[in-house]
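Take a look at the structure set out below.
A short reminder: the numbers here are calculations on the coordinates, not readings from a lab. Only a predicted model underlies this, so the values are computations on that prediction, with no experimental measurement involved. Note that we place each Cβ from the backbone using ideal geometry, even for glycine, and neighbour counts take in every protein chain shown.
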2 protein chains.
Amino acid sequence: MFEVFFSQVKDKVLLSEAEQKLVKTFFSPKKIRKRQYLLQEGNICRHLAFVEKGLLRSYNVDDKGIEHMIHFAWEGWWMADMLSFLSIEPSTYHIDAIEDSELLLISRPDFEEMLLKVPVMERYFRILFQNNIISKERRLISSISNSAEEKFIHLSATNPELIKRIPQQLVASYLGITPETLSRIKNKLNKNVPNT
Amino acid sequence: MFEVFFSQVKDKVLLSEAEQKLVKTFFSPKKIRKRQYLLQEGNICRHLAFVEKGLLRSYNVDDKGIEHMIHFAWEGWWMADMLSFLSIEPSTYHIDAIEDSELLLISRPDFEEMLLKVPVMERYFRILFQNNIISKERRLISSISNSAEEKFIHLSATNPELIKRIPQQLVASYLGITPETLSRIKNKLNKNVPNT
DNA sequence: CGTCTCGTTGAGAGTTTTCAATGTAAGTGG
DNA sequence: CCACTTACATTGAAAACTCTCAACGAGACG
């Protein structure tokens with residue numbers, strides 16, 4: 001159950017056997033099925049979720065009822081509303097499963113305790129957050145700098161797995177464009193490069 | 001010179017006198033003047049910069065020569081290209097001063113050493129990065145969810161100091177719209193609410 | 001006083017959205 | 001397993017939004 005988890009953690013920091021054992025105690029496994037909510041708007045995000053298997057999405061819903069995809073997480077990625085989790089305020093996001101998923105959950109108190117008892121995990125999360133900042137910054141730059149078509153090309157280049165794995169209308173939302181526009185863009189690009 | 005710095009750090013973590021003294025040794029003060037570069041595209045970002053006084057901006061320049069504002073930092077904020085700083089790769093950003101500024105710089109090796117020798121600073125930076133993630137996420141959501149007008153209204157509400165302090169054409173770039181569009185939006189909003 | 005930068009305004013062009021219709025694939029219940 | 005329903009992708013046409021290009025005015029600075 002912790003295979004993906006420790007392989008991810010060990011990518012960033014060194015963990016002794018004892019530390020691994022201790023870290024495990026803070027997490028609880030959870031399975032959720034496709035379409036099932038992990039978090040609903042208005043509730044407090046009580047856990048960080050690590051995806052061992054499957055696919056989650058986080059999104060918010062605006063006044064007009066339109067969903068805006070914030071983040072996708074599949075094997076090896078984390079999912080949460082960090083703001084709600086850290087500030088213990090009601091979330092403005094929804095989190096649910098796009099595919100049946102197996103998760104590892106850690107609560108806020110356990111998270112704090114783990115960071116204090118296993119300082120290398122403090123380090124792991126600092127590194128994780130650093131990387132998250134960098135990737136968010138890239139997405140942001142693409143969002144403010146590029147046209148819809150350029151944004152899609154950029155995403156295809158930087159995150160092809162996302163394009164492959166995520167339903168098209170959710171990709172459109174993730175890019176901040178309408179499904180119709182994305183459909184037209186793909187159509188246009190396919191015409192230009194039919195040999196793929 | 002460290003007044004703003006320690007008041008910021010102490011907002012997030014507790015620091016003993018001894019730790020403060022030690023932390024100080026890792027930083028070097030630097031003054032830069034309006035329009036002066038702190039970092040140019042193609043160079044490696046060798047320092048994190050803390051702004052004691054003044055105002056910096058980071059931005060990239062696209063193929064068409066258009067600048068895209070990534071971040072502004074005034075008193076109490078950090079500035080760097082995190083990707084370049086952490087990966088020690090050439091930066092794709094420029095950083096320069098919008099106002100004459102006084103900075104505290106820390107190099108990558110000193111940064112790493114400080115985090116190991118003063119664990120509470122590891123904690124400080126994790127918290128800092130957490131907050132950064134949250135604010136970047138908000139900006140991103142606004143960027144993908146809203147029209148130009150909504151984005152400006154949102155920014156005015158969440159970060160009025162930015163609107164006041166940053167030249168208008170840079171605010172437009174920050175929002176991912178043209179200066180002309182921003183000018184028209186402001187004009188329109190002033191007509192609707194002339195009594196302010 | 002002249003120059004330069006920045007903000008404003010106008011008009012037309014280009015992009016993206018909206019609304020609607022159609023086709024297609026997937027999921028569900030009989 | 002098939003028929004039916006539902007959700008999703010595609011396409012078209014018009015509307016809305018934003019950009020581009022250009023001109024003008026105001027203020028900063030030497």
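Taking the conditions exactly as written (more than 16 Å from DNA strand D (Cβ to nearest atom), within 30 Å of A:Glu122 (Cα to Cα) and within 10 Å of another protein chain (Cβ to nearest Cβ)), does B:Ile106 satisfy them or not? It would help to see each step written out before you state the result.
Values: more than 16 Å from DNA strand D (Cβ to nearest atom): yes; within 30 Å of A:Glu122 (Cα to Cα): yes; within 10 Å of another protein chain (Cβ to nearest Cβ): no.
Against the criterion (more than 16 Å from DNA strand D (Cβ to nearest atom), within 30 Å of A:Glu122 (Cα to Cα) and within 10 Å of another protein chain (Cβ to nearest Cβ)), B:Ile106 does not qualify.
Please determine, by comparing only the residues of segment A:172-190 that are within 12 Å of chain B (Cβ to nearest Cβ) and of a type in the set (A, V, I, L, M, F, W, C), which one is nearest to DNA strand C (Cβ to nearest atom).
Taking segment A:172-190 as the starting set, the residues that turn out to be within 12 Å of chain B (Cβ to nearest Cβ) are A:172-178.
In the following step, the residues that additionally are of a type in the set (A, V, I, L, M, F, W, C) were identified as A:172, A:175, A:177.
Numbers: A:Ala172: 8, A:Leu175: 8, A:Ile177: 4 Å.
So the residue we want is A:Ile177.
Looking for whichever is away from DNA strand D (no atom under 16 Å from the Cβ) and more than 8 Å from chain B (Cβ to nearest Cβ) here; the options are A:Ile166, A:Ile153, A:Ile88. Which one fits? Lay out the reasoning, then the answer.
Details: A:Ile166 fails: away from DNA strand D (no atom under 16 Å from the Cβ); A:Ile153 fails: away from DNA strand D (no atom under 16 Å from the Cβ).
The unique qualifying residue is A:Ile88.
Filter segment B:71-98 for residues that are crowded, with 16+ Cβ neighbours inside 10 Å, in a strand (DSSP E or B) and without any contact (Cβ under 8 Å) to a residue 60 or more places away in the chain and give the result.
Once the filter is applied, which keeps residues that are crowded, with 16+ Cβ neighbours inside 10 Å, in a strand (DSSP E or B) and without any contact (Cβ under 8 Å) to a residue 60 or more places away in the chain, segment B:71-98 yields B:His71, B:Ala73, B:Trp78, B:Met79, B:His94, B:Ile95.
Hey, among the residues in segment B:21-70 that are among the small types (Gly, Ala, Ser) and away from DNA strand C (no atom under 16 Å from the Cβ), which one's surrounded by the fewest Cβ atoms within 10 Å (Cβ to Cβ)?
From segment B:21-70, those among the small types (Gly, Ala, Ser) are B:28, B:42, B:49, B:54, B:58, B:65; that's our starting set.
Add one more test, that the residue is away from DNA strand C (no atom under 16 Å from the Cβ), and what stays is B:28, B:42, B:49, B:54, B:58.
Details: B:Ser28: 12, B:Gly42: 10, B:Ala49: 25, B:Gly54: 19, B:Ser58: 23.
Here the answer is B:Gly42.
Suppose we filter A:Leu38, A:Leu55, A:Leu48 for residues that are closer than 16 Å to A:Pro167 by Cα, part of a strand (DSSP E or B), among the hydrophobic types (A, V, I, L, M, F, W, C) and under 15 Å from the mean Cα position of the chain (by Cα); which single one remains? I'd like the intermediate steps shown before the answer.
Details: A:Leu38 fails: closer than 16 Å to A:Pro167 by Cα; A:Leu48 fails: closer than 16 Å to A:Pro167 by Cα.
Matching residue, one of A:Leu38, A:Leu55, A:Leu48: A:Leu55.
Report whether or not B:Ser91 is within 30 Å of A:Ile177 (Cα to Cα), within 16 Å of DNA strand C (Cβ to nearest atom), touching a helix residue (DSSP H, G or I) at 6+ places or on another chain (Cβ under 7 Å) and of a type outside the set (A, V, I, L, M, F, W, C). Show your work before the answer.
On the way: within 30 Å of A:Ile177 (Cα to Cα): yes; within 16 Å of DNA strand C (Cβ to nearest atom): no; touching a helix residue (DSSP H, G or I) at 6+ places or on another chain (Cβ under 7 Å): yes; of a type outside the set (A, V, I, L, M, F, W, C): yes.
Here the answer is no, as B:Ser91 does not meet what is asked.
Return yes when A:Ile153 is within 14 Å of DNA strand C (Cβ to nearest atom) and surrounded by 13 or more Cβ atoms within 10 Å (Cβ to Cβ) and no when it is not. Explain how you work it out, then say what you get.
Details: within 14 Å of DNA strand C (Cβ to nearest atom): yes; surrounded by 13 or more Cβ atoms within 10 Å (Cβ to Cβ): yes.
Taking the combined requirement at face value, the residue satisfies it.
For segment A:122-139, state whether one or more residues are under 27 Å from B:Met82 (Cα atoms), more than 7 Å from chain B (Cβ to nearest Cβ) and hydrophobic (A, V, I, L, M, F, W, C).
Looking only at segment A:122-139, we keep the residues that are under 27 Å from B:Met82 (Cα atoms), and these are A:122-139.
Among the residues that remain, those that are also more than 7 Å from chain B (Cβ to nearest Cβ) are: A:124, A:127-128, A:131, A:135, A:138.
Those still in the list that are hydrophobic (A, V, I, L, M, F, W, C) too: A:127-128.
Looking through segment A:122-139, at least one residue is under 27 Å from B:Met82 (Cα atoms), more than 7 Å from chain B (Cβ to nearest Cβ) and hydrophobic (A, V, I, L, M, F, W, C).
Quick one: which of B:Ser101, B:Ser107, B:Ser84 is in contact with a Cys (Cβ under 7 Å, 6 or more places away or on another chain) and more than 30 Å from A:Lys64 (Cα to Cα)? Give the derivation first.
Details: B:Ser101 fails: in contact with a Cys (Cβ under 7 Å, 6 or more places away or on another chain); B:Ser107 fails: in contact with a Cys (Cβ under 7 Å, 6 or more places away or on another chain).
Answer to the check: B:Ser84.
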